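Okay, structure first, notes after.
The values are calculated or read from the model by the stated rules, or taken from the named source; none is laboratory data. Quantities reported herein were computed from a predicted structural model and do not represent experimental measurements. Glycine gets a Cβ as well: all are built from the backbone with ideal geometry, and neighbour counts include every protein chain shown. Accessible surface is based on the protein model in full, side chains and every heavy atom, while ligands, DNA and RNA are left aside. Shrake-Rupley method; radii C 1.70, N 1.55, O 1.52, S 1.80 Å.
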Amino acid sequence: MVDRLAILLERFSVTASVFHAGALCGINTLEGEDEAGQLHLVRRGPLQVSHGQQTVLVEVPSLLLYPRPMPHRFSTDPQHGADMACA
């Protein structure tokens, strides 16, 4: 049986660097001006994610993948925030 993920990883290199780990409080906007995509691990919410006019509520542990640059905004409780790791 062919492992399709292994084939993709052989063809396309994947690198990442963490730029945030811990509580994310209040409103945080990511402009998406870099050439890289982003990966966000939500360990604890709640968290509102906005893309333009669309807003999604994340209340359970989730993985958010932006394979290419895209402006987005996170809104959380200003005091307790959401526990996240972002790369």
TODO: Rank-order 19-25, 5-11, 54-60, 38-44 by packing density, defined as the average count of other C-beta atoms within 10 Å over each peptide's residues, highest first.
DONE: 38-44, 19-25, 54-60, 5-11
Task: Cα centroid separation - the range 69-87 against the range 1-47, whole Å - done: 13 Å
Open item on the list: Can you give me the accessible area per residue for the chain, using a 1.4 Å probe, in Å²?
Closed with: 75 Å²
Task: 22 Å tail of the calculated P(r), the chain, as % of Cα pairs - done: 32 percent
- [ ] Report the net charge of residues surrounding A21, where surrounding means a beta-carbon distance below 15 angstrom and charges are Lys +1, Arg +1, Asp -1, Glu -1.
- [x] +1
TODO: Using θ = phi - 60° and the Karplus relation 6.51 cos²θ - 1.76 cosθ + 1.60, list the HN-Hα couplings for the range 58-66 in order, rounded to whole Hz, with x at every Gly or Pro.
DONE: 10, 10, 10, x, 8, 10, 10, 10, 10
Task: Fraction of accessible area attributable to carbon and sulfur, the chain (%, probe 1.4 Å) - done: 55 percent
